[in-house]
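These notes concern the structure reproduced below.
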Amino acid sequence: MTTKHIHFQEGKAFDYVKELHKQYGGEIEGNKINIKRGRLHIYVEAIPVFEGFEMLLLSVETPETIVLHRTPDNNPNHIHLNVIKEGGYVQTFEQESAQMQVGTQNGVFLYNALFPITVEVPANTSLKIIGFKFDLSRKESIVNDATHSIAQLFKEDVGVAYHTNLSQESERLFKDIIHFYTLDKHRTALIVSRAIESFTILATNLEKLNDNDELNGLHIDDYNRLQSVKQKLSSNFEERVTVEELAESHGVSVSKLKRDFNTLFNCSITHFYTNARMDEAYRRLKSGDYTVSEVGYDMGYSNLSKFSEMFKKIKGLSPRDVIKVS
């Protein structure tokens, strides 16, 4: 299975069209490109809504893995908002990966272009994304109130990213956009009208979530902290690690640590830690160098029956069965 690597610098929406043309060839028609190579089908359209505000339609059907390396443009006023309408991909920053999937808390991704991101679209994937690119320095526009709401989320010139899902109202509007771009007549006018409406509704929802402390946001420092937490959870099995201890040692509240961890890894700290211990237990049992008792105690269990019960729940077979197979 082949992997295609494509490098972008964050910037104008049309830059995606130009880079894909450079990589795959084909013809650019106005502000869009339609690439068909056997089972590979990539459609990208950059729609200028007005000065300083663009929309990007991206549709990918790929038999090969595509990796997009997005480098920052280092302009804190440039904000990017991506909404997944179909499928998903793996997004990586600072060696930490998160599954970005339609219909989840990671289905909407809002960020400034101050840090690099790698996006991996798996082979045999169908992906549809609607993106907005806008400039916070432009104060006079029809969506000025909406961009002002979003500007409140980016008060510092540091890398920041937010994850959330779509409300039912936003879901309906974005569904209309996907339909409109298949039309032959009046498509641009219809798309732009829905773009303005959907962006405004989404910005309003983001503001409400932020006011209620329900918006999942991560600074670069948060990513680095979570990487440290994950490393500790993946390497410390003999002594039971508590969320309270992790929060204290990393200088954050328990609630923030739980929320941030779930935002990035889409699971709770307890779930991740339990699975990490059972993965390590399986590896040791499979090697044939350890007894069930040794592995159970090494994984921090004083009650071996509890260890065997948890192992079977997660791995689907008992620890002794792993040794027998080995």
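For the condition farther than 28 Å from Met100 by Cα and modelled with pLDDT under 90, what is the one hit in Phe237, Phe261? It would help to see each step written out before you state the result.
Working: Phe261 fails: farther than 28 Å from Met100 by Cα.
Matching residue, one of Phe237, Phe261: Phe237.
From the set of residues in region 240-258 that are in a helix (DSSP H, G or I) and at pLDDT below 90, which is farthest from the chain's Cα centre (by Cα)? The residue in question is Ser255. Scanning region 208-265 for residues that are under 27 Å from Gly107 (Cα atoms) and basic (Lys, Arg) gives Lys208, Arg225, Lys230, Lys256, Lys258, Arg259.
Pick out the one residue from Lys306, Lys313, Lys286 that is touching a residue at least 40 places away in the same chain (Cβ under 8 Å), exposed (fewer than 14 other Cβ atoms within 10 Å of the Cβ) and of a type outside the set (Ser, Thr, Tyr).
Working: Lys306 fails: touching a residue at least 40 places away in the same chain (Cβ under 8 Å); Lys313 fails: touching a residue at least 40 places away in the same chain (Cβ under 8 Å).
The conditions single out Lys286.
Arg240 meets each of the listed conditions (1) among the basic types (Lys, Arg); (2) outside the structural domain of Glu96 (by TED's automatic domain parsing); (3) within 26 Å of Glu51 (Cβ to Cβ) apart from (3).
If you take the residues in region 209-221 that are under 28 Å from Asp145 (Cβ atoms) and of a type in the set (D, E, K, R), which one is modelled with the highest pLDDT? It would help to see each step written out before you state the result.
Step one: of region 209-221, the residues under 28 Å from Asp145 (Cβ atoms) are 209-219.
Those still in the list that are of a type in the set (D, E, K, R) too: 211, 213-214.
Numbers: Asp211: 87, Asp213: 77, Glu214: 78.
Filtering first and then ranking leaves Asp211.
If you go through region 134-170 and keep only what is farther than 13 Å from Ala203 by Cβ and either assigned by TED's automatic domain parsing to the domain that holds Asn266 or not in a loop (DSSP other than H, G, I, E, B) (or both), you end up with Asp135, Val160, Ala161, His163, Gln168. Please tell me if Phe237 is crowded, with 17+ Cβ neighbours inside 10 Å, outside any helix (DSSP H, G or I), touching a helix residue (DSSP H, G or I) at 6+ places or on another chain (Cβ under 7 Å) and in contact (Cβ under 8 Å) with a residue 40 or more places away in the chain. So Phe237 passes the test.
May I ask you to say which residue of Leu183, Leu206, Leu173 is modelled with pLDDT of 90 or more, under 19 Å from the mean Cα position of the chain (by Cα) and outside the structural domain of Lys256 (by TED's automatic domain parsing)?
Values: Leu183 fails: under 19 Å from the mean Cα position of the chain (by Cα); Leu173 fails: under 19 Å from the mean Cα position of the chain (by Cα).
Result: Leu206 is the single residue among Leu183, Leu206, Leu173 that is modelled with pLDDT of 90 or more, under 19 Å from the mean Cα position of the chain (by Cα) and outside the structural domain of Lys256 (by TED's automatic domain parsing).
The condition (being under 27 Å from Ile220 (Cβ atoms), in the same structural domain as Thr204 (by TED's automatic domain parsing) and not aliphatic (A, V, I, L, M)) is satisfied by just one residue among Asn82, Asn34: Asn82.
One line per residue, one yes/no per condition, for (1) surrounded by fewer than 16 Cβ atoms within 10 Å (Cβ to Cβ); (2) modelled with pLDDT under 95:
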position: Thr2; (1), (2): yes, yes
position: Gly30; (1), (2): yes, yes
position: Arg39; (1), (2): yes, yes
position: Val44; (1), (2): no, no
position: Gly52; (1), (2): no, yes
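Looking across region 176-196, the residues that are part of a loop (DSSP other than H, G, I, E, B) and either under 16 Å from Ile129 (Cα atoms) or in contact with a His (Cβ under 9 Å, 6 or more places away or on another chain) (or both) come down to Tyr181, Thr182.
Where residues in region 285-326 are of a type outside the set (Gly, Ala, Ser) and not in a helix (DSSP H, G or I), which of them is farthest from Thr242 (Cα to Cα)?
Across region 285-326, the extreme among qualifying residues is Asp289.
Just one of the listed residues (Glu61, Glu45) is in contact with a His (Cβ under 7 Å, 6 or more places away or on another chain) and either at positive phi or not small (Gly, Ala, Ser) (or both), and it is Glu61. Among the residues of region 1-55, those that are closer than 16 Å to Thr65 by Cβ, touching an Asp or Glu at 6+ places or on another chain (Cβ under 9 Å) and part of a strand (DSSP E or B) comprise Thr3, Lys4, Ile6, His7, Leu40, His41, Ile42.
The values are calculated or read from the model by the stated rules, or taken from the named source; none is laboratory data. Note that the structure is predicted; figures quoted are calculated from it, not measured. Cβ sites come from the backbone with ideal geometry, for glycine too, and all protein chains shown count toward neighbours.
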